[in-house]
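Have a look at the structure below, then the notes.
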C-alpha cells in the first residue's frame, strides 16, 4: 500500500474513530435516557389508570352497597318471600327501574335474589323466576360486596356487582342479594378518557403519540377493552405476550420492550390488578418505532455531521500526505537507480527538514556502498576458491558415508541371524522342559504302581497263611 494512502487512512482514522466513538456513546446514552423516560411515562400512565380502575370499581361497589341499604327494597323482599305477592313484585320492579337504574346509564339491569338464589324481582321481567344459586356473585354476595370478571351476556360485555340485603330489624341477618349488572363499555370510556371528560375535564391524556394505548387483559389472555388497531377486540383478541404471562404466572409487574399482540415491538409497562377471585393485567404500550423517533433523528444528524467532517478532512489529508510522500518518492526513485547498479546516482535534495537530511545521508550511503561493493567482489573471489575445496571434501565425505551404510547393512543382517538362532534355542529349551515334565510324570506313575504291587504281594502271602491255618484246623476236626 503506498505511503500516501496510509497517511490518508491514518489521518482519517485519527479524526473519524474518536468522532465515531463519541457519536456512538452519545447515541447510546440518548437512547437509554429516552427509553427510561418513555418507560417512566408509560409506568406513570399505568399507575394512573390502575388508580382510576380501582376508584371506578369502588364507585360501582359503593352504588351497589347503597342500593342494598334501600329500605323499600328490603321491606319488599320480606313481603315477597313470605307472601309471594305479585303486586309487590310489580311495584319493586317499577321502583328499581325508576329510582335505581335511572341513576346510572351504565346499569344494564338490577336483579333481586332470595336466599335460595331465585330472582324474585328485576328490571328485566324475563329474568324473574330464574335460579342463580350456583353463581359466584350470589354465593359471595350473601356475605359481602362482590364483583365478577368481565364476560359476555346476550351479546353484551358486562360485569356484575352483588351485595347482601340485610334485615332492617336484625342487621346481622341476610334476607337476599341485590345484583347490579353493569355494561363493561364503561371501561372503554374510562380508558379513552371520556368518563373524565363527561365529568367536566377539558383534556385527558391516557397514552403517548399515535400508537400508544392502554388496555386490560383477563386471565384467559383475552382483551377486555377496545384495541387501537383491531376492531371488535373485546373478549375476542388473544394477548399472549411476555408481560401477560409474567403477571399471571409469576405475579410480577414488568416494564421494557417486547412484541405486542400484533407481533410489533413495543415499549411498555404492566400492572397486576388483583380483585380476589380473578386478576387483570393492565398494559400501557407504545410502538418502539414511534417512541424512538427522536433517537432516529439524532442518528441521522450524527451521520450527516460525520459526512461533513469527512468531506472537510479528506482534502486536508490529501494535502498533508502529498507534502510527506513526494520527498519519499524521490528517495524511492534514487533507491531504485542505485539498486539497478547506477552507483554514481545521487538524490541531491536541499530540503531542510528530516526528509532532506535523510536524502543527504542516503547519498553518503551510496558512496560508501560503492566502496564496499569493490571489497565484496574481492572477498567473493576468495570464497569461490574455498567453495571448490569444500565441494571436493564433500564428495569424499559422501563416499565414506556410503561405505559406512554398507557396513551397517551387513551388521543388521548378522543381528537378524543371531535373533533367529536365539529364537530356535528358546524353542529347544521349551521342548526340553516339556520332555522333562513328561519324564517326571512317568516316574511318578511307576513309583505309585510299584508301591501298589508290593502291597498286593504282602496281602497274598498273609492270605495263604490264613488258608493253611484253616486247612490245619479242618484236618484236626476230621481226624
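Quick test for you: out of 81, 94, 64, pick the one residue that is touching a residue at least 24 places away in the same chain (Cβ under 8 Å) and either assigned by TED's automatic domain parsing to the domain that holds residue 182 or surrounded by fewer than 16 Cβ atoms within 10 Å (Cβ to Cβ) (or both). First the steps, then the outcome.
Numbers: 94 fails: touching a residue at least 24 places away in the same chain (Cβ under 8 Å); 64 fails: either assigned by TED's automatic domain parsing to the domain that holds residue 182 or surrounded by fewer than 16 Cβ atoms within 10 Å (Cβ to Cβ) (or both).
Going through 81, 94, 64 in turn, just one is touching a residue at least 24 places away in the same chain (Cβ under 8 Å) and either assigned by TED's automatic domain parsing to the domain that holds residue 182 or surrounded by fewer than 16 Cβ atoms within 10 Å (Cβ to Cβ) (or both): 81.
Give me the residue from the stretch 82-118 that is in contact with a strand residue (DSSP E or B) (Cβ under 7 Å, 6 or more places away or on another chain) and part of a helix (DSSP H, G or I) and, out of that set, nearest to residue 152 (Cα to Cα). Walk me through it before giving the result.
Residues of the stretch 82-118 in contact with a strand residue (DSSP E or B) (Cβ under 7 Å, 6 or more places away or on another chain): 89, 92-93, 96, 100-101, 106-115, 117-118.
Remaining after also requiring part of a helix (DSSP H, G or I): 89, 92-93, 96, 100-101.
Working: 89: 28, 92: 27, 93: 24, 96: 23, 100: 23, 101: 20 Å.
Only one residue fits best here, namely 101.
So which residues in the stretch 231-244 are surrounded by fewer than 18 Cβ atoms within 10 Å (Cβ to Cβ) and free of Cβ contacts under 8 Å to residues at least 24 places away in the same chain?
Keep residues of the stretch 231-244 that are surrounded by fewer than 18 Cβ atoms within 10 Å (Cβ to Cβ), which gives 231-232, 235-236, 238, 240, 242.
Of everything in the stretch 231-244, those that are surrounded by fewer than 18 Cβ atoms within 10 Å (Cβ to Cβ) and free of Cβ contacts under 8 Å to residues at least 24 places away in the same chain turn out to be 231, 232, 236, 238, 240, 242.
Residue by residue through the stretch 224-252, note down the ones that are closer than 19 Å to residue 274 by Cβ and outside any helix (DSSP H, G or I). Spell out how you get there, then give the answer.
Of the residues in the stretch 224-252, the ones closer than 19 Å to residue 274 by Cβ are 224-225, 239, 243-252.
Across the stretch 224-252, the qualifying residues are 224, 225, 239, 251, 252.
Which condition does residue 208 not pass, out of (1) at pLDDT 95 or above; (2) crowded, with 18+ Cβ neighbours inside 10 Å, if it passes all the others?
Every listed condition holds for residue 208 apart from (1).
Does the stretch 160-177 contain any residue that is buried (at least 18 other Cβ atoms within 10 Å of the Cβ) and in a helix (DSSP H, G or I)?
There is no residue in the stretch 160-177 that is buried (at least 18 other Cβ atoms within 10 Å of the Cβ) and in a helix (DSSP H, G or I).
Regarding the stretch 121-144, can at least one residue be identified that is in contact (Cβ under 8 Å) with a residue 60 or more places away in the chain, more than 30 Å from residue 232 (Cβ to Cβ), in contact with a helix residue (DSSP H, G or I) (Cβ under 6 Å, 6 or more places away or on another chain) and not assigned by TED's automatic domain parsing to the domain that holds residue 276?
no
Scan the stretch 246-264 residue by residue and report those that are surrounded by fewer than 15 Cβ atoms within 10 Å (Cβ to Cβ) and in contact (Cβ under 8 Å) with a residue 12 or more places away in the chain. Can you show your working first?
Kept after step one, since they are surrounded by fewer than 15 Cβ atoms within 10 Å (Cβ to Cβ), are these residues of the stretch 246-264: 249-252, 256, 259, 262-264.
Once the filter is applied, which keeps residues that are surrounded by fewer than 15 Cβ atoms within 10 Å (Cβ to Cβ) and in contact (Cβ under 8 Å) with a residue 12 or more places away in the chain, the stretch 246-264 yields 251, 252, 256, 259, 262, 264.
The values are calculated or read from the model by the stated rules, or taken from the named source; none is laboratory data. What you are looking at is a predicted structure, and each value in this text was computed from that prediction instead of being measured. Cβ: placed from backbone, ideal geometry, glycine included. Neighbour counts: every protein chain shown.
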